[in-house]
């Protein structure tokens, strides 16, 4: 993958992160914490709907794309069963009770909220598959712009709602979210029209569908377990606490996701790039080792620098969100450990032993459930953050070890040790309030230690930056 394409993929996550950073203060200042908690439930269950009704076939599409002779036919084969199942399921739900979705997600009996939420789920499912076309065709800028547009529309709607003095409540937030997703779908559909129009005239290959399902069925359960791993904290907060506590935690997670922009870029290009290397017989273990070293260094400095400068965050948010400065570093670890596991655990997907991915996700999810059950009632958002971080560490360790056993016999003791230390320090920073000044100096020491520990990686990055200054200046 050349530099221009990598830069193209970076535009979407970076732009989305910046727009999210702009919209966060607006939402927290003008909407209640309860409304923020409710919109987080929409996002949680939208991800569940996409995951559940994709049947794992989205990953089968990515895995088989480069080897498929008829790519439009592959698209129809994997997408049509998912779309049909989702529409049928939501029709049955709406027939049972037109308000059940709204009551369950938002605690508000509303036919309107239920209908637009269901529409949001179906459109998001379609967008998922259409985005994969752009991703696999390596149309990086088109892929990124389709990510940016819904963020822009959402921000414009929220700003105009505030500016015009309209109702600032759950209804306006849900409407803004659904509108942005529909617009994103339209853009995806336009940019991929050649592919899906060609797919309309093809027939579903039952043999190919069976092959795709055999690859994807473990991913359904593994995906559900991964979803549970990602949202278990919010589900337990919703059950054992209030929408206020949930809203504060959700904003913390949103801030954490803004900081981990690079993870989104990396996750987008990593697996397809490795599969392409394999299909072209250009696979080299050293490439993975070099990338792993760089990513570990980046994660290390992300955590350390965030711990050193998290005190800035409360200046941008209302007083009730002040604890975010201590929660943020723990919340960072989850998505970063997941990204790290994508590198060390890639062997599971390479050898098509996806049942092990399912196993890792299930074990981590159960660990998260147990830890959240024990910690959330006593510590609230702090307990949820710690539970999620530990669960992702377990997930990372399991994927790494299993990949080493079934593919490449290489362990990563140094990486394990670094992640354990970061988890320990972020946890004591959260709880030992009376020693936070001393802990701050400890983080300064960690920064200096990192300069020596990752000296080779830092020098390499500096050389790459200088070598690419001319390239970046042209864009």
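The values are calculated or read from the model by the stated rules, or taken from the named source; none is laboratory data. Please read all numbers here as calculations on a predicted model, not as lab measurements. Reconstructed Cβ throughout: ideal geometry from the backbone, glycine too, with neighbour counts over all protein chains shown.
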Hey, among the residues in the range 89-118 that are within 27 Å of the chain's Cα centre (by Cα) and either in contact (Cβ under 8 Å) with a residue 60 or more places away in the chain or not assigned by TED's automatic domain parsing to the domain that holds residue 179 (or both), which one's farthest from residue 58 (Cα to Cα)? 107
Checking 340, 327, 359, 332 in turn, the sole residue that is under 22 Å from the mean Cα position of the chain (by Cα) and either surrounded by fewer than 22 Cβ atoms within 10 Å (Cβ to Cβ) or without any contact (Cβ under 8 Å) to a residue 24 or more places away in the chain (or both) turns out to be 359
Suppose we filter the range 162-173 for residues that are in contact with a helix residue (DSSP H, G or I) (Cβ under 6 Å, 6 or more places away or on another chain) and in a helix (DSSP H, G or I); how many remain? 4
From 18, 48, grab the single residue that is under 21 Å from the mean Cα position of the chain (by Cα), at pLDDT below 75, assigned to a helix (DSSP H, G or I) and within 30 Å of residue 248 (Cβ to Cβ). 18
Apart from one, (1) under 23 Å from residue 270 (Cβ atoms); (2) buried (at least 21 other Cβ atoms within 10 Å of the Cβ) all hold for residue 387; the odd one out is (1)
Which is in a helix (DSSP H, G or I), closer than 23 Å to residue 273 by Cα and modelled with pLDDT of 80 or more, of 327, 336, 332? 336
